[in-house]
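Notes follow the structure.
Any read-out appearing in this document is the output of simple, stated calculations on the displayed coordinates, not a laboratory observation. Because the structure is predicted, anything quoted here is derived from the model rather than measured. Reconstructed Cβ throughout: ideal geometry from the backbone, glycine too, with neighbour counts over all protein chains shown.
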Amino acid sequence: MTTPSKAVLEKLTPVLTKRWLSPDAWRLDVYERLDGYAALRKALAVHPDDLIALIKDSGLRGRGGAGFPTGLKWGFIPQNDGKPHYLVVNADEGEPGTCKDLPLMTHDPHSLVEGVIIASYAIRANRAYIYIRGEAVHAARRLRHAVQEAYKAGYLGKNILGTGYDLDLVVHSGAGAYICGEETALLDSLEGFRGQPRLRPPFPATHGLYASPTVVNNVGTIASVPYIVLGGAAWWKTMGTEKSSGPMIYSLSGRIKNPGQYECSMGITLRELIELAGGMQDGHQLRFWTPGGSSTPLLAAEHIDTAMDFESVAAAGSILGTTATQIFSDQDCPVYATYRWLEFYHHESCGKCTPCREGNYWMVRVYRRILSGEGTLEDLDTLLDTAGNILGRSFCGLGDGATSSVTSSLQYFKQDYLDYIEGRTAPKLSAAALAGAH
Amino acid sequence: MTAPKTDVFTDETRERAREIIARYPEGKQRSALLPMLHLVQSVEGYVSPNGVAFCAEQLGLTKAQVGAVATFYTMYKRRPTGDYLVSVCTNTMCNVLGGQAVYDELSQALGVGHDETTEDGKITLEHAECLAACDYGPVLTVNYDFFDGVTPEGALQLAADLKSGKRPMPTRGARLCTLKEMSLQLAGFADEREGAVADGPAGDATLRGLRLAQEHGISPAGFDINTPIPTPSKEAAK
């Protein structure tokens with residue numbers, strides 16, 4: 001295996017992932033030896049507004065996909081309004097390709113708990129919830145254990161560390177619904193309803209959980225907070241770019257030699273990431289990839305030098321998303337890949353709004369027809385037309401996300417579609433897949 | 001049709017239901033519904049009409065309200081399940097890496113399709129959407145603990161082991177338990193098995209970037225935990 005060049009290696013910035021190397025860092029005593037809860041002591045000694053200012057200063061942006069400035073979000077919470085405030089952590093990791101939050105909660109759960117306490121103190125919340133994906137059972141075991149330990153040690157509960165500040169934290173397991181990663185669907189689910197998105201406005205900042213002011217943040221966002229409190233905003237900004245500050249966990253999967261988690265300075269390019277991951281697998285050439293999960297438009301080999309920060313990926317026509325970088329080669333078919341993603345969106349559509357519920361249902365059927373060798377040229381127009389009627393017309397981002405791979409694969413790989421339609425590529429699905437189709 | 005019976009739920013389960021409800025603010029007990037549904041599944045192996053009635057009774061909801069929620073979420077099973085829920089990821093990445101072949105062969109060997117249970121009541125098979133372990137693909141889970149980089153042969157062996165009463169150790173995650181036992185954990189109760197929380201070292205893919213950095217002595221410069229937090233609020237107060 002060739003060693004990556006020094007310049008590329010230096011883009012590695014192990015911050016949030018660092019404790020994963022210590023096998024017992026999920027235990028409180030080990031966590032405390034590794035700077036654990038030092039940030040909490042520092043944070044509780046200053047005014048909550050100073051913490052909001054610090055996070056604003058750091059330029060931290062949400063790690064759940066949208067990249068919204070975290071400090072600004074915290075600042076939206078009305079103060080002295082007499083209502084209870086809530087912090088809700090979105091740990092419903094499920095965006096296809098994304099696998100950064102589960103290892104974090106499994107190997108370093110206290111860093112999330114510590115972040116929760118600091119963030120709750122900053123927004124004046126006395127109750128916090130971690131809504132964790134149901135299937136993430138081992139992460140939930142470790143997290144529940146960590147919460148128990150934190151209560152016993154006086155980091156949670158009444159009068160935390162003698163400061164008079166109270167906080168209760170509940171780890172709440174979901175039950176298998178991708179849509180609950182959408183923040184308002186998550187809140188409905190946490191209130192004991194079907195996980196269906198709410199119409200906005202009003203936004204969760206004023207009408208969130210139980211119609212009270214609520215901050216919903218991703219695991220990576222909240223777990224970043226203790227490091228910013230410890231190292232300061234200026235240090236945080238030594239990593240990343242001007243508008244996309246800090247380190248980011250890039251989750252590399254697919255046709256590379258060493259798939260895995262690579263925490264790097266934001267703005268690293270795919271070429272550099274592939275170099276870190278030992279290169280492409282033998283016999284595979286990069287053909288298409290997702291910068292941040294299946295809801296972000298596919299990019300092609302020509303985009304290999306795009307800097308993976310929020311602005312640059314947007315300029316290239318996609319979205320940084322969750323930095324779930326799925327790498328496909330010349331041996332993978334973009335039409336089939338898109339079809340499988342659509343099956344996913346069709347299954348996960350909550351059914352609340354018509355464009356997403358019906359559009360995905362029909363697009364799946366069109367893909368089956370194309371992949372069975374029964375497609376027509378008109379099908380391509382139907383796909384674009386349907387996608388166009390979902391994008392921007394759905395209740396939430398799930399519908400928009402579903403169209404990403406459809407329109408981008410048609411943009412970059414139309415020939416692959418034509419090859420199925422015109423009989424140059426052998427059908428990938430049997431006619432049985434069409435059973436029941438109209 | 002007989003009316004649902006909630007007396008299948010013991011005093012212990014009722015006590016647990018009270019514990020769950022107490023986690024949420026006064027008057028917001030409906031928040032307890034998801035963990036309550038996991039709780040009834042831990043007793044019966046699925047969410048039966050009895051389970052729906054029990055949740056409704058405990059939370060002051062109608063059975064229709066509970067049923068509407070129970071049927072929305074994939075993890076609540078509507079028919080009796082096996083001891084082991086085998087979920088094979090067939091979403092795009094695992095799929096192209098071989099997950100579809102794993103699912104197809106398992107399905108054929110076990111003689112069951114998606115969301116169906118083998119006659120001996122041991123295994124319920126399902127194809128799953130992204131399980132958030134793409135760096136280990138193709139993956140499958142047994143009661144949601146991971147078996148990484150599976151092949152059709154490996155999956156068939158695993159199924160044979162489960163059917164013969166063995167409990168192979170997952171690649172990552174804790175030693176296996178039954179789906180009912182797992183559902184109790186999902187209801188928010190600690191895994192009481194000695195050592196289970198400690199099970200499961202970090203996998204190689206999880207640590208790859210870190211090991212590379214460690215090997216080459218790389219860490220972000222200038223990290224000083226004593227960096228003071230600026231206090232603009234004090235300045236403003238002056």
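For the reader, a short list of remarks on this structure follows.
- Think of it as helices only: each DSSP H run of n ≥ 4 in chain A is worth -39500 (n - 2.57), and spread over all residues that comes to -12500 deg cm²/dmol at 222 nm.
- Between the residues A:371, A:349, A:420, the greatest Cα displacement towards the positive end of the dipole of the stretch A:341-438, with unit charges on the Cβ of Lys, Arg, Asp and Glu, is found for A:349.
- Counting only DSSP beta bridges whose two residues both lie in the protein assembly as shown, roughly 50 percent are antiparallel.
- Solitary cysteines of chain B, where the nearest other Cys Cβ is not under 4.7 Å: B:55, B:130, B:134, B:177
- Taking every residue in B:177-188 and counting other chain Cβ atoms within 10 Å of its Cβ, the average works out to 2.
- Close amide-amide hydrogen proximity is noted between residue A:171 and A:130, each under 5 Å apart and 5 or more residues distant or on a separate chain (H modeled in the peptide plane; Pro and chain starts excluded).
- Helix A:137-152 and the longest principal axis of the C-alpha atoms of chain A enclose an angle of approximately 10°.
- Helix-only [θ]222 nm of chain B, DSSP H runs n ≥ 4, -39500 (n - 2.57) each, per residue, nearest 500: -11500 deg cm²/dmol
- Mean projected area in nm² (Cα convex hull; one quarter of hull surface) for chain A: 21.1 nm²
- Compared with the dominant Cα axis of chain A, that is its longest principal axis, helix A:397-412 is turned about 40°.
- Electrostatic tally near residue A:282: other residues with Cβ closer than 11 Å to its Cβ, Lys and Arg +1, Asp and Glu -1, net +2.
- The peptide list A:82-90, B:88-96, put in order of mean Cβ contacts within 10 Å with the highest first, becomes B:88-96, A:82-90.
- Karplus-derived 3J(HN,Hα), 6.51/-1.76/1.60, for each residue of the stretch A:182-194, Hz, glycine and proline x: 7, 4, 7, 5, 4, 5, 4, 5, 5, 7, x, 10, 4
- Within 10 Å of each Cβ in A:324-336, the average number of Cβ atoms from other chains: 2
- When peptides B:63-74, B:26-37 are ranked by their average number of other Cβ atoms within 10 Å per residue, the highest-first order is B:26-37, B:63-74.
- Peptide A:92-103 shows a mean partner chain C-beta count of 5 within 10 Å per residue C-beta.
- Amide proton proximity set for residue B:172, modelled H, under 5 Å, gap of 5+: B:146, B:148
- Longest to shortest principal axis, alpha-carbon extents of the stretch A:9-124, angstrom: 44, 35, 29
- The stretch B:224-238 - phi-based ³J(HN,Hα) in whole Hz, Karplus 6.51/-1.76/1.60, Gly and Pro as x: 10, 5, 9, 4, x, 8, x, 10, x, 5, 5, 4, 5, 5, 5
- Here chain B carries DSSP beta bridges of which approximately 60% are antiparallel, counting only pairs with both residues inside.
- Charge context of residue B:70, other residues only, Cβ under 13 angstrom, K/R +1, D/E -1: +4
- Between the amide H of residue A:250 and those of A:262, A:263, A:264, distances stay under 5 Å, these residues lying 5 or more places away or on another chain, with hydrogens modeled in the peptide plane.
- Among B:49-60, A:5-16, A:199-210, the peptide with the highest mean count of other Cβ atoms within 10 Å heads the list, and the full ranking is B:49-60, A:5-16, A:199-210.
- 3J(HN,Hα) along the stretch A:124-132: 6, 10, 10, 9, 9, 10, 10, 8, 9 Hz, from the Karplus curve 6.51 cos²θ - 1.76 cosθ + 1.60 with θ = phi - 60°, whole Hz, x for Gly and Pro.
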